1. What are the principal axis extents of the Cα atoms in segment 2-117, in Å, biggest first?
2. Which of Gly68, Ala82, Leu44 sits closest to the plus end of the dipole of segment 2-117, meaning its Cα is farthest towards the positive end, when Lys and Arg get +1 and Asp and Glu get -1 on the C-beta?
3. Quick one: dipole size for segment 70-166, taken about the Cα centre, charges +1 on Lys/Arg Cβ and -1 on Asp/Glu Cβ, in debye to the nearest 20.
4. Net charge within 13 Å of Glu29 by Cβ-Cβ distance, Lys/Arg positive one each and Asp/Glu negative one each, not counting Glu29 itself?
5. Report, in whole Å, the centroid distance computed from the Cα atoms of segment 110-129 and segment 34-95.
6. Take Lys101, Lys37 and order them by how many other Cβ atoms sit within 10 Å, fewest up front.
7. Can you compute the helix-only [θ] at 222 nm over the chain? Use -39500 (n - 2.57) per DSSP H run of at least 4 residues, normalise by all residues, nearest 500 deg cm²/dmol.
8. About the Cα centre, and with charges only on the beta carbon of Lys, Arg (+1) and Asp, Glu (-1), how big is the dipole of the chain? Nearest 20 debye, please.
Amino acid sequence: MPVLNSVLSACSFGRLGPGDSERLGEFLEGLSAETYKTFHPYSLTKESAQRALAEVEGPVIAAVDDSGGILGYAWFHPEADAYPSVGICIADRARGQGIGKALMRELQADARGKGRSGLMLWVVKRNDAAVRLYRSVGFQVIGETEYDFEGERLESHVMRWEATEE
Ligand SMILES: CC(C)(COP(=O)(O)OP(=O)(O)OC[C@H]1O[C@@H](n2cnc3c(N)ncnc32)[C@H](O)[C@@H]1OP(=O)(O)O)[C@@H](O)C(=O)NCCC(=O)NCCS
């Protein structure tokens with residue numbers, strides 16, 4: 001698909017570290033209110049970007065455009081677990097172009113290279129885009145859970161990917 005190829009070839013993938021908190025903060029602050037409903041590991045501010053980069057014990061991988069702007073990022077944590085937990089978010093304007101899938105593939109290669117058993121995550125059931133993304137890279141539903149978020153009860157899938165399966 002030409003569109004997908006042109007977007008993916010126009011972006012590069014790299015690691016983020018504590019020195020990248022300013023541009024990660026700009027990325028978080030640019031996310032829509034709608035995104036916050038499904039992606040809320042922390043408030044979407046520059047301060048929380050700084051804290052997140054300092055505290056993640058594992059890789060934080062970003063897709064970056066040709067001027068250095070972050071199009072999306074993903075991580076797993078803590079690296080020492082057999083099945084570290086995954087988080088991922090793509091900029092609203094950059095979705096549906098294969099960037100999420102490419103970042104998940106990067107995380108999976110990293111986890112496999114480090115001898116992890118696999119990766120796991122929790123995803124709100126009605127977050128169709130995320131559930132589809134995770135299934136498309138080999139994650140399977142292994143359980144259910146629910147939690148309260150800002151007064152709303154959110155039903156979620158627990159999903160896991162086994163590093164030995166592909
Ligand atoms: C979920 C998210 C990361 C997907 O990233 P993306 O770059 O748009 O996904 P991709 O373009 O790589 O698509 C990957 C797969 O998901 C599917 N997909 C993507 N968006 C979709 C949508 N809105 N509805 C249904 N399927 C969708 C694609 O068709 C593709 O499936 P396929 O390989 O079987 O064709 C992105 O929508 C996002 O950042 N959402 C907000 C944050 C969030 O919810 N994070 C997850 C919290 S658990």
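What follows is calculated from the coordinates using simple rules that are stated; it is not laboratory data. Quantities reported herein were computed from a predicted structural model and do not represent experimental measurements. Please note: Cβ atoms are built from the backbone with ideal geometry, for glycine as well, and neighbour counts cover all protein chains shown.
1. Reported extents, whole Å, longest axis first: 36, 34, 27.
2. The listed residue farthest towards the positive side: Ala82.
3. Charge dipole of segment 70-166: 400 debye, to the nearest 20.
4. Working: positive: Arg23, Lys46; negative: Glu22, Glu26, Glu47, Asp92.
My count for the surroundings of Glu29 gives -2.
5. 13 Å
6. Lys37, Lys101
7. Calculated mean residue ellipticity at 222 nm is -10000 deg cm²/dmol.
8. It comes to approximately 440 debye.
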